Amino acid sequence: MSGLERSVAQWRAYVSRRRMFHAVDVDELEDHLRGRIDDLVTSGLDEDEAFLIAVRRMGAIDELSREFAREHSERLWKQLVLPADEPVRARALTSALACGVGAGLALKVLIEAAPDLAPRLATGVVLPFLALYFAVTRTVSARALTAAALGLVVLAVPLAWYPEGDSTGVLMVLHAPVVVWFGICLVYQGSRMDAVRFTGELAVYYFMLAVGGGGLTVLTAASFDLIGRDAEPFITSWLLPCCAAGAVVVAAWLVEAKQSVVENFLPVLARVFTPLVCLMLAAVLVAFSSSPDVIAIDRDLLVLMAAILLLVLGAYLYALSAREPLAPVGLFDRLQLALLTLAIAVDVVVLVAMVVRIAEFGSSPNKVAALGLNLIIVTNLVRSLWLSTGFVRGTRPFADVERWQTAYLPVYLAWAAFVCIGFPPMFDFA
Amino acid sequence: MHLDKDLVAASATTLVLGILHDADSYGYAILKRVTELSGGEIAWTDGMLYPLLHRLERLGHVQSYWQTSEQGRRRKHYSLTPEGAAVLQERRTQWQTVDRALNRLWTAPGIA
């Protein structure tokens with residue numbers, strides 16, 4: 001392929017990515033572009049120059065896309081909705097709303113019927129409605145559904161039967177959602193990387209819904225307050241549980257329906273926050289080294305650090321899933337190396353502190369759970385750093401980095417399941 | 001000379017319909033003809049011609065068909081419809097009215 005052909009092919013691919021242009025429009029524009037190039041070459045320019053000028057004269061593709069949008073307003077939905085055809089999309093919204101209402105009511109029933117067990121079982125009750133939503137709106141294999149349902153039952157039995165232990169109970173509340181979420185990913189039926197993306201995007205949409213809904217609720221409560229009515233009982237006992245549960249399904253619908261919005265938006269977030277997280281980790285590291293005795297004492301700090309590392313890992317994982325695999329190595333990839341290095345440094349500090357604590361005060365369910373999680377994270381981070389360094393140096397394809405992450409995912413599942421099912425009897429339901 | 005944006009927008013439809021009145025044509029050729037007619041004074045951003053052509057097609061003023069060019073490329077041609085011809089006639093009268101009025105203004109004593 002000649003240089004010009006390659007350039008035109010690249011241009012075509014670039015234009016084709018805008019969903020506002022149909023293939024025939026791109027054909028038409030390409031014919032125009034080539035016509036212009038031919039004339040410029042005839043007038044004595046070389047092909048590269050001619051191509052550049054022709055592209056420039058064509059105008060900014062963003063602007064052109066907007067102009068096309070104005071003319072072809074019937075295509076505007078393409079900006080918003082990715083898959084399938086008309087009736088399927090209409091059904092998706094109805095199904096999402098129905099499943100959302102179901103999830104909300106199910107959680108409400110659970111809270112009324114078994115208030116003590118509600119925190120442990122909440123995700124197990126809510127998320128099946130998300131699975132139901134998937135099953136209704138797309139083809140889900142019976143095998144995946146059965147496997148997910150079976151897993152849920154296996155998990156639900158200890159969750160419901162184990163006695164309430166102070167530590168192990170809390171650990172179960174924290175780890176059960178992870179296990180149930182893996183079931184959802186099974187029903188989701190994309191590749192593992194797709195599931196990671198879906199998870200990240202759903203988390204962002206859920207957060208936005210939560211913030212917006214929270215603000216609205218506060219305003220409503222304040223207005224009721226003014227007229228001397230107390231809306232709080234209704235809000236806490238009905239509105240909050242029902243909406244918190246329903247929003248999960250609605251967020252899942254949004255991820256699919258407004259795909260291109262989140263597609264454009266999240267990589268930007270990742271780019272903005274990666275340097276900020278680097279700064280935060282560096283600050284934490286400096287703070288630790290200036291007062292080493294603090295981390296040896298404060299257990300909450302260790303738990304907090306585990307949470308931060310988990311967040312870092314999540315952000316890193318999402319950034320990977322959103323990366324164009326063939327794009328060349330850039331500044332952002334190097335920044336991620338810095339992020340990984342800092343995260344490992346922080347994690348090592350935390351690990352050392354934890355081992356010291358366990359040696360000094362003996363083990364407890366919390367400490368072992370935190371230690372296990374940190375070991376799992378640090379293993380992943382070290383290997384990721386190794387592979388990513390290879391990728392940035394150009395000695396490894398990006399696929400290696402990706403493959404490692406997806407291969408590692410089951411480790412989290414196994415650990416979370418173990419903490420839920422194995423820990424309570426191991427520690428006498430402490 | 002840089003033509004005012006509104007004026008370009010107002011004249012573009014008439015120019016395109018007028019060019020297609022002479023003979024069927026395709027995007028790039030229409031654009032070249034516009035440049036030629038205006039002595040290079042009217043220059044559009046190339047791409048912007050296509051939303052306009054598509055609008056005219058939607059309104060039924062022009063029709064399109066695909067042909068293969070001498071270079072073997074698929075090319076979309078446009079032709080004027082009877083409705084388009086009627087619109088052109090109307091536009092032509094309008095522009096002539098404006099043109100006449102302006103001409104009288106320019107030749108009136110006190111200007112230029």
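The values are calculated or read from the model by the stated rules, or taken from the named source; none is laboratory data. What you see is a predicted model; the values in this text were computed from it and never measured. Cβ: placed from backbone, ideal geometry, glycine included. Neighbour counts: every protein chain shown.
Being part of a helix (DSSP H, G or I), more than 14 Å from every other protein chain (Cβ to nearest Cβ) and modelled with pLDDT of 80 or more: is that true of A:Val101 here? It is true that A:Val101 is part of a helix (DSSP H, G or I), more than 14 Å from every other protein chain (Cβ to nearest Cβ) and modelled with pLDDT of 80 or more. Within segment A:403-430, residues that are closer than 22 Å to A:Ala322 by Cα and without any contact (Cβ under 8 Å) to a residue 60 or more places away in the chain reach partners that are of a type in the set (Gly, Ala, Ser) and in a helix (DSSP H, G or I) with beta carbons closer than 9 Å, at six or more positions or on different chains, in the pairs A:Trp404/A:Ser384; A:Tyr408/A:Ser384.
For the condition part of a helix (DSSP H, G or I) and surrounded by fewer than 19 Cβ atoms within 10 Å (Cβ to Cβ), what is the one hit in A:Asp31, A:Asp27? Of the residues listed, the single one that is part of a helix (DSSP H, G or I) and surrounded by fewer than 19 Cβ atoms within 10 Å (Cβ to Cβ) is A:Asp27.
Residue check: is B:Leu20 under 30 Å from A:Asp62 (Cβ atoms), in contact with a Leu (Cβ under 6 Å, 6 or more places away or on another chain), at pLDDT 90 or above and more than 14 Å from every other protein chain (Cβ to nearest Cβ)? Against the criterion (under 30 Å from A:Asp62 (Cβ atoms), in contact with a Leu (Cβ under 6 Å, 6 or more places away or on another chain), at pLDDT 90 or above and more than 14 Å from every other protein chain (Cβ to nearest Cβ)), B:Leu20 qualifies.
Filter segment A:203-239 down to residues that are surrounded by fewer than 19 Cβ atoms within 10 Å (Cβ to Cβ) and closer than 19 Å to A:Pro177 by Cα and give me whichever is nearest to the chain's Cα centre (by Cα). The qualifying residue nearest to the chain's Cα centre (by Cα) is A:Ala203. Whenever a residue of segment A:283-302 is within 12 Å of A:Ala353 (Cα to Cα) and assigned by TED's automatic domain parsing to the domain that holds A:Leu342, its partners that are modelled with pLDDT under 70 and among the β-branched types (Val, Ile, Thr), lying with C-beta atoms within less than 9 angstrom and at least six residues away or across chains, give the pairs A:Phe288/A:Val294; A:Phe288/A:Ile295; A:Leu301/A:Val294; A:Leu301/A:Ile295; A:Leu302/A:Ile295. Identify all residues within segment A:66-86 that are surrounded by 15 or more Cβ atoms within 10 Å (Cβ to Cβ), at pLDDT 50 or above and more than 8 Å from chain B (Cβ to nearest Cβ); write none if there are none. Across segment A:66-86, the qualifying residues are A:Ala69, A:Arg75.
Taking segment B:57-70 as the range and being under 27 Å from A:Ile37 (Cα atoms) and within 10 Å of chain A (Cβ to nearest Cβ) as the test, the residues that pass are B:Glu57, B:Ser64, B:Trp66, B:Ser69.
Residue-by-condition table, conditions (1) without any contact (Cβ under 8 Å) to a residue 60 or more places away in the chain; (2) not in a helix (DSSP H, G or I):
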position	(1), (2)
B:Thr14	no, no
B:Tyr50	yes, no
B:His54	yes, no
B:Ser64	yes, yes
B:Glu70	yes, yes
B:His77	yes, yes
B:Glu83	yes, no
B:Val87	no, no
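Looking at B:Ala23, B:Ala29, just one residue is closer than 24 Å to B:Gln89 by Cβ, surrounded by 14 or more Cβ atoms within 10 Å (Cβ to Cβ) and free of Cβ contacts under 8 Å to residues at least 24 places away in the same chain, and that residue is B:Ala29. Scanning segment A:101-155 for residues that are in contact with a Leu (Cβ under 9 Å, 6 or more places away or on another chain) and farther than 22 Å from A:Val250 by Cβ yields A:Ala114, A:Leu117, A:Arg120, A:Ala144, A:Ala147, A:Gly151. Only residues that are on the phi > 0 side of the Ramachandran plot and within 8 Å of another protein chain (Cβ to nearest Cβ): list them for segment B:23-41, please. Selection gives nothing. A:Ser7 satisfies every condition listed in (1) modelled with pLDDT of 90 or more; (2) more than 11 Å from chain B (Cβ to nearest Cβ) except (1). Each residue in segment A:40-65 was checked for being exposed (fewer than 14 other Cβ atoms within 10 Å of the Cβ), assigned to a helix (DSSP H, G or I) and within 12 Å of chain B (Cβ to nearest Cβ), and 3 pass.
Yes/no per residue for (1) over 14 Å from the mean Cα position of the chain (by Cα); (2) buried (at least 18 other Cβ atoms within 10 Å of the Cβ); (3) within 14 Å of chain A (Cβ to nearest Cβ); (4) at pLDDT 90 or above:
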| site | (1), (2), (3), (4) |
| --- | --- |
| B:Ala43 | no, no, yes, no |
| B:Gly47 | yes, yes, yes, no |
| B:Leu52 | no, yes, yes, yes |
| B:Gly72 | yes, no, yes, no |
| B:Leu80 | no, yes, no, yes |
| B:Gly84 | no, yes, no, yes |
| B:Gln96 | yes, no, no, yes |
| B:Arg100 | yes, no, no, yes |
